[in-house]
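Each remark here refers to the structure printed beneath this line.
The values are calculated or read from the model by the stated rules, or taken from the named source; none is laboratory data. No experiment lies behind these values; they were computed from the predicted model shown. Backbone-built Cβ (ideal geometry, glycine too); neighbour counts: all protein chains shown.
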Amino acid sequence: MAHEVKRAPITREINSIIATDCGSTTTKAILIEKIDGVYRLINRGESPTTVEAPFEDVTAGVRNAVHELEELVGNTFLGPDGVITPRQPDGTGVDIYLSTSSAGGGLQMMVAGVVKTMTAESAQRAALGAGAIVMDAISIDDGRKPYEKIERIRQLRPDMILLSGGIDGGTITHVVEIGELISAAEPRPRLGIGYNLPIIFAGNKDARKYISDILEKKVDLRIVDNLRPVLEVEVLGPAREEIHNLFMEHVMAQAPGYNKLMQWTEVPIMPTPGAVGRIIQTTAEQYNIHIIGVDIGGATTDIFSVFGDDHEYFNRTVSANLGMSYSICNVLLEAGVDNIMQWVPFDIDEGDLRNRIRNKMIRPTTVPQTLEELVIEQSVAREALRLSFIHHKSLATGLKGVQKVRDIAEAFDQSSSSDSIIELDKLGMIVGSGGVLSHAPRRQQTALMMLDAFQLEGFTELTVDSIFMTPQLGVLSDVHPTAAAEVFARDCLIFLATAIVPIGNAQKDGDKCVTVKAKMPNGETVTREVPYGAMDTIPLGHDDYAEVEVIPTNMFDMGNGKGRAVHKKIRGGAAGGIIIDARGRRPFNLPTDKQTRIAKLVEWFKALDIYPMDVLERYMNTAQ
């Protein structure tokens, strides 16, 4: 896989920046300035998005959000023609204005390829990485009859279609067959009636003439380099760049007021998820780590990951029906009531749990009013995150159809059957965002939800996006990576804790597992002996570091082999500092006996100070 094409950074001096994110419901504006040589967030404003009636002009919401910034900092940023750029001698305006958008439903695409697990999957990765929601993937071998595929294409009305198929010099017949299906469907775009649907062809270069003959008169056809020129290589950059261009030309141009907004900024408006992906990539490169980012919303859960020795494997997935309000009942359906109830530390009637979840779907803007409701919501969140991560791992894979040379150890290793490039033992950081994670009453709750859902291993920094400004920082990272990285680290990310998770298995709970010795900033050494099945913490401040020696027993591994000690410098955080998770083999299973399971959950919650225990015990006693 290859990095997507990035725009050249702006070289002129930039000391002040306004960036907006036009969401489906809210438009957020942030002001960044360079202070004492470092870029910092100064303030933020927000306003309802105005893309729909009665306003039907997205710039009205942008003006309102920026006007709030003006009131907060006592400066003028707006003029008759939008945000004033560059900064004027009298101090008004800013050096650059940027924006992202997911208003109007974001970017919705269909992809097509010859083989479902090869070129169609590559097309899906290209579209997802560009910030699109993939509505469907059509392929020759997807099990549907031709008329069913034609009907599906007609029904969906995507913003654009990405068509791939065949290596260069390979099959032409099947690529042409897909093109003929699209031609027969005569698809129309979701927005606007005065233009043809954009279709990007990124397949076998020998098929370009045939595809042009079939489609050129019916659609707005764009031809770019093949996604899979040979089986062993995936080139996503040109297709993603063309998706961004078409997003600006067609999708954004049709939304009310976007033509005006595009004139305000010298940098193309990016789809919000694509911008979030950019800052995740930038962070991986800046810190030289593997990283996972997750944004859990009301209707969808997006997961981003960057792995590989040179950070070459960037993947994004959208779990379109796994969210915490509008699609919360789908989480119940896919996870099953038992998997949600296993995280609840008190007895609750199954029908009562179902009704509470249904009420959240009916009233999606409500927030938990009692500890009981909070516990249930966070239990649902664990399952939404778990299922979304399974989906992500299934798509974040090596290239299908490529022969792999394996040594004898791999041939007999039963655990190496998965092709996913996600290696949790090599993960350096996980970034959580979305209301249920960013606004949890206690930071420890966020940390434990991510530990439980992602089943982390080894050493991992747990962080959370405090106020969801990753989209604005993502589009900024395209033109000023330094400013984006500095604000992301200092003002956006909240470090929760470093998780220490030994991997292995013991005979029973209570057996010896791991000893952690931490040399604290004051020179004191703190020691924790944590038995199998238990959790513990070592307090360490948000900006503090400790030198730790982690000594697993012979049944457990911290990345250096079973029973071998590991020395590492690690960072603390706002959710306990250092969390030692000795629950063992992944995925760990909770006890099947209800009372034993509840006792175990309460033990972990007490160890990490997750909930006010006096209130929680009241619910437990009431349930009994």
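Consider Arg356 carefully, then state whether it is closer than 19 Å to Ile598 by Cβ, within 26 Å of the chain's Cα centre (by Cα) and surrounded by 15 or more Cβ atoms within 10 Å (Cβ to Cβ).
Details: closer than 19 Å to Ile598 by Cβ: yes; within 26 Å of the chain's Cα centre (by Cα): no; surrounded by 15 or more Cβ atoms within 10 Å (Cβ to Cβ): yes.
No.
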- Which residue pairs have Cβ atoms under 8 Å apart, sit 6 or more places apart or on different chains, and have a first residue in the range 503-525 that is free of Cβ contacts under 8 Å to residues at least 40 places away in the same chain and buried (at least 18 other Cβ atoms within 10 Å of the Cβ) and a second that is part of a loop (DSSP other than H, G, I, E, B) and among the charged types (D, E, K, R)? Met520/Asp544
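Take the residues in the range 17-55 that are hydroxyl-bearing (Ser, Thr, Tyr) and over 22 Å from the mean Cα position of the chain (by Cα), then tell me which one is farthest from Lys260 (Cα to Cα). Even if it seems obvious, please write down each step before you answer.
Within the range 17-55, the first condition is being hydroxyl-bearing (Ser, Thr, Tyr), and the residues that meet it are 20, 24-27, 39, 47, 49-50.
Imposing the further condition that a residue be over 22 Å from the mean Cα position of the chain (by Cα) reduces the set to 39, 47, 49-50.
On the way: Tyr39: 29, Ser47: 18, Thr49: 15, Thr50: 13 Å.
Among them, the one singled out is Tyr39.
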- Message: Can you say whether Ile538 is surrounded by fewer than 20 Cβ atoms within 10 Å (Cβ to Cβ), over 22 Å from Ile289 (Cα atoms), among the aliphatic types (A, V, I, L, M) and not assigned by TED's automatic domain parsing to the domain that holds Asp95, as far as the supplied structure shows?
- Response: no
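So which residues in the range 242-266 are more than 19 Å from Glu56 (Cβ to Cβ), modelled with pLDDT of 85 or more and buried (at least 19 other Cβ atoms within 10 Å of the Cβ)? Write out each step before concluding.
Filtering the range 242-266 for residues more than 19 Å from Glu56 (Cβ to Cβ) gives 242-249, 265-266.
Still in the running and modelled with pLDDT of 85 or more: 242-243, 265-266.
Glu242, Ile243, Thr265, listed by residue number.
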- Query: Has the range 320-338 got any residue that is part of a strand (DSSP E or B), free of Cβ contacts under 8 Å to residues at least 60 places away in the same chain, within 28 Å of Asp419 (Cβ to Cβ) and in the same structural domain as Val602 (by TED's automatic domain parsing)?
  - Reply: no
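With Thr446, Thr460, Thr482 as the choices, which residue is in a strand (DSSP E or B) and either among the hydroxyl-bearing types (Ser, Thr, Tyr) or outside the structural domain of Val306 (by TED's automatic domain parsing) (or both)? Spell out the reasoning first.
Working: Thr446 fails: in a strand (DSSP E or B); Thr482 fails: in a strand (DSSP E or B).
Exactly one residue qualifies, and that residue is Thr460.
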- Item | Pairs where the first residue, in the range 219-237, is outside the structural domain of Gly170 (by TED's automatic domain parsing) and buried (at least 19 other Cβ atoms within 10 Å of the Cβ) and the second is of a type in the set (Gly, Ala, Ser) and in a strand (DSSP E or B), C-beta under 8 Å, 6+ apart | none
- Task: Take the residues in the range 540-575 that are small (Gly, Ala, Ser) and in contact (Cβ under 8 Å) with a residue 12 or more places away in the chain, then tell me which one is nearest to Gly523 (Cα to Cα).
- Result: Ala546
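Kindly evaluate Glu70 against the criterion of being surrounded by fewer than 22 Cβ atoms within 10 Å (Cβ to Cβ), part of a strand (DSSP E or B) and either under 31 Å from the mean Cα position of the chain (by Cα) or outside the structural domain of His250 (by TED's automatic domain parsing) (or both).
Values: surrounded by fewer than 22 Cβ atoms within 10 Å (Cβ to Cβ): yes; part of a strand (DSSP E or B): no; either under 31 Å from the mean Cα position of the chain (by Cα) or outside the structural domain of His250 (by TED's automatic domain parsing) (or both): yes.
When the stated conditions are applied, Glu70 does not pass them.
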- Hits in the range 28-57 - residues which are without any contact (Cβ under 8 Å) to a residue 40 or more places away in the chain and assigned to a strand (DSSP E or B): Glu33, Ile35, Ile42, Asn43, Gly45, Glu46, Ser47, Pro48
- Item | Odd one out for Gly192, checked against (1) touching a strand residue (DSSP E or B) at 6+ places or on another chain (Cβ under 8 Å); (2) at pLDDT below 90; (3) not hydrophobic (A, V, I, L, M, F, W, C) | (1)
- Tell me, which helices (runs of 4 or more DSSP H) lie completely within the range 99-211 with 1 or more residues that are within 26 Å of the chain's Cα centre (by Cα) and either without any contact (Cβ under 8 Å) to a residue 24 or more places away in the chain or at negative phi (or both)? 119-129, 146-156
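Pick from Lys569, Lys562: which is closer than 20 Å to Gly428 by Cα and basic (Lys, Arg)? Steps first, answer last, please.
On the way: Lys562 fails: closer than 20 Å to Gly428 by Cα.
The match here is Lys569.
I need the strands (runs of 3 or more DSSP E) fully contained in the range 514-573, keeping only those with at least 2 residues that are farther than 28 Å from Val602 by Cβ.
545-552, 566-571
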- Name the pairs whose Cβ atoms lie under 7 Å apart, with the first residue in the range 437-459 and in contact (Cβ under 8 Å) with a residue 24 or more places away in the chain, the second of a type in the set (Val, Ile, Thr) and in a helix (DSSP H, G or I), and 6 or more positions between them or separate chains? Leu437/Thr446; Ala440/Thr446
